[in-house]
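Following: one structure in structure tokens, then a few remarks.
None of the figures in this text is laboratory data; all of them are computed from the coordinates on show. Remember, predicted model here, so these are calculated numbers, not experimental data. A quick note on method: Cβ atoms are made from the backbone with ideal geometry, for glycine too, and the neighbour counts reach across all protein chains shown.
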Amino acid sequence: MSDAAIAYGSFRVDARSPQRTVNAVSLQATLGWGAAGIATIMLFAGVLEGWHLVTGANLVVPFNLSLLVQPLLGVATVALVLAAVRRSGFAVAEYLGLVRPGLKDVLRGIGWGVLAWLAVIAIMLIIAGVTYALGKTPGQSNSFPTSDQIAEIGHLPFLLSLWLLLVVVAPVAEETLFRGFIHRGLVGPLGTASTIVLTSIVFGVLHKWGFGWDRVVAITALGMLLGRLRHRTGGTTVPMIAHATLNFIQVSLLTAGVLLMA
């Protein structure tokens, strides 16, 4: 083990050639289980998008149903990843890089989460500025409910479900899947750089629904940062905290807007 190795939890990762020879499930299994995880986490959005493509109309779904379904799909994604790891005979926590964070890890994750939020906002503002300069209208998000929809289910239930989904479920599910399972399975055969780029692009594209390509670019850049944190720390804990911090800031702003509408 070289002097550049980083101690993290119960295992060590070489910062110069990380995980190139680490034991992992096969590439085929990683792609298969990874695709199943992506399909699970995107099931609800996929049904809506598929309905629109086939019929040309939007599928009308009660908004309170979507608030229930999305967190459940996140939980199902985590369960699927855990099943894939256990089926392969690996220790779940070590395989996915899930370790108990110390104070330094928490502060590090929060700091990078704040920087990531600023970077995402900056990227989206730049894209909006370029789009406007080219004489085009920036895309509008259609994922956030109207004030009538929020009032229909109640402001408190809506905000509680929003915080649960974006600050808890989404960071845990997405980091466990992308920076945990898929990263671990690809980094051996593909190498670190290719793995980070590939997982980041897929991660970004999955955020197109309801937002547009400007969000895809910004979230792909976020994926690059989270992938780099995964590489440098040897685990998913710090990326998960950074992801949750970014979402915490965004949800705090959304909450302020909802309360002003009330």
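Results, tabulated for the structure shown:
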item	result
In Hz, Karplus ³J(HN,Hα) per residue of segment 173-190 (6.51, -1.76, 1.60; θ = phi - 60°; x = Gly, Pro)	5, 5, 6, 4, 6, 7, 7, x, 5, 5, 4, 4, x, 9, 5, x, x, 9
Distance between modelled label sites at LEU125 and LEU107, nm, 7 Å Cα→Cβ extension	2.8
Relative contact order for the chain, counting Cα pairs under 8 Å that sit 6 or more residues apart, in percent	31
Estimated distance in nm for a label pair at ASN64 and ALA256, the labels positioned 7 Å out from Cα along Cα-to-Cβ	3.0
Leading residue at positive end of dipole, the chain (Cβ point charges), from TRP51, ASN23, VAL106	ASN23
Only Lys, Arg (+1) and Asp, Glu (-1) charged, at Cβ; the chain dipole about Cα centre in debye	740
Quarter of the Cα convex hull surface for segment 179-231, i.e. its orientation-mean projected area (nm²)	3.2
Local electrostatic count at THR77 - Lys and Arg +1, Asp and Glu -1, tallied over other residues with Cβ under 12 Å	-2
Most fluctuating residue given options GLY89, GLY191, GLY111, as computed from a GNM of the chain linking Cα atoms under 10 Å	GLY89
Alpha-carbon centroid distance for the pair segment 205-262 / segment 48-123, whole angstrom	10
Cα→Cβ-extended label distance, 7 Å offset, between ILE153 and GLN28, nm	4.2
Sorted by Cβ neighbour density within 10 Å, fewest at the top, the residues VAL106, VAL85, VAL172	VAL106, VAL172, VAL85
Taking LYS136, LYS208 and counting other C-beta atoms within 10 Å, the order from fewest to most	LYS136, LYS208
Two-decimal Rg to Rh for the chain - Kirkwood Rh, Cα set	0.98
